[in-house]
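The values are calculated or read from the model by the stated rules, or taken from the named source; none is laboratory data. What you are looking at is a predicted structure, and each value in this text was computed from that prediction instead of being measured. No Cβ is skipped: glycine too gets one built from the backbone with ideal geometry, and neighbour counts run over all protein chains shown. We work out accessible area using only protein heavy atoms, side chains counted, and drop any ligands, DNA or RNA first. Shrake-Rupley method; radii C 1.70, N 1.55, O 1.52, S 1.80 Å.
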Amino acid sequence: MRWLNRFAEKRIRKGGNAFGGMNALVLITVGRKSGIERRTPVGWFPGEDGSRLIVASAAGAPKNPAWYHNVAANPDKVRIELAGETHDVTAEQLHGEQRDRAWKQIETAAPRFADYQRKTDRQLPIIRLTLRQ
């Protein structure tokens, strides 16, 4: 899996805006325990006002992915990389009606996420990434 993530990250960094049939970006977080910068390729969906939505699906695993915990611990240190450009973002987990609307959009655009949700008992977190000015 690490090899695949490194391959995807290099491809996205070189200007590939898609990977695995989805829009993709490199999520840059700071480890909640280590304090070390971490890079993870993730798929994204368009959100309101130019934001991007990402899902902490871990392909339906029982636990949230490590990057989710890093974002929760250090939401002010999140950045994204797209087509070789790095941007500071504000990361916000969606809840309630906002999450419901976003989830409908995501499962319509990528039905595999509905499959991921069926595999697990946890509600898959949706994070909105908004460019910081």
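For the reader, a short list of remarks on this structure follows.
- Among (1) in a helix (DSSP H, G or I); (2) at negative phi; (3) open to solvent by 40 Å² or more (accessible area, probe 1.4 Å) - the single one Phe113 does not satisfy: (3)
- Looking only at the range 88-110, and only at residues there that are among the polar types (S, T, N, Q) and assigned to a strand (DSSP E or B), the one that is nearest to Gly60 (Cα to Cα): Gln93
- Within the range 85-99, the set of residues being of a type outside the set (S, T, N, Q) and either touching a residue at least 24 places away in the same chain (Cβ under 8 Å) or open to solvent by 80 Å² or more (accessible area, probe 1.4 Å) (or both) comprises Glu85, His87, Asp88, Val89, Ala91, Glu92, Leu94, His95, Glu97, Arg99.
- Filter result (open to solvent by 50 Å² or more (accessible area, probe 1.4 Å) and either under 19 Å from Thr130 (Cβ atoms) or modelled with pLDDT of 95 or more (or both)) within the range 12-31: Asn17, Asn23
- Arg122 being in contact (Cβ under 8 Å) with a residue 24 or more places away in the chain and in a loop (DSSP other than H, G, I, E, B): yes
- Of the residues examined, Ala66 is one that is touching a strand residue (DSSP E or B) at 6+ places or on another chain (Cβ under 8 Å), at pLDDT 90 or above, open to solvent by 20 Å² or more (accessible area, probe 1.4 Å) and more than 21 Å from Arg132 (Cβ to Cβ).
- All positions within the range 42-64 that are over 13 Å from Gln105 (Cβ atoms) and more than 8 Å from the chain's Cα centre (by Cα): Asp49, Gly50, Ser57, Ala58, Ala59, Gly60, Ala61, Pro62, Lys63, Asn64
- Identity of the residue in the range 33-63, in a loop (DSSP other than H, G, I, E, B) and among the basic types (Lys, Arg), that ends up least open to solvent (accessible area, probe 1.4 Å): Lys63
- Every pair of residues 6+ apart whose Cβ atoms lie under 7 Å, when the first sits in the range 41-70 and is free of Cβ contacts under 8 Å to residues at least 60 places away in the same chain and farther than 16 Å from Gln93 by Cβ while the second is open to solvent by 50 Å² or more (accessible area, probe 1.4 Å) and part of a strand (DSSP E or B): Pro41/Phe19
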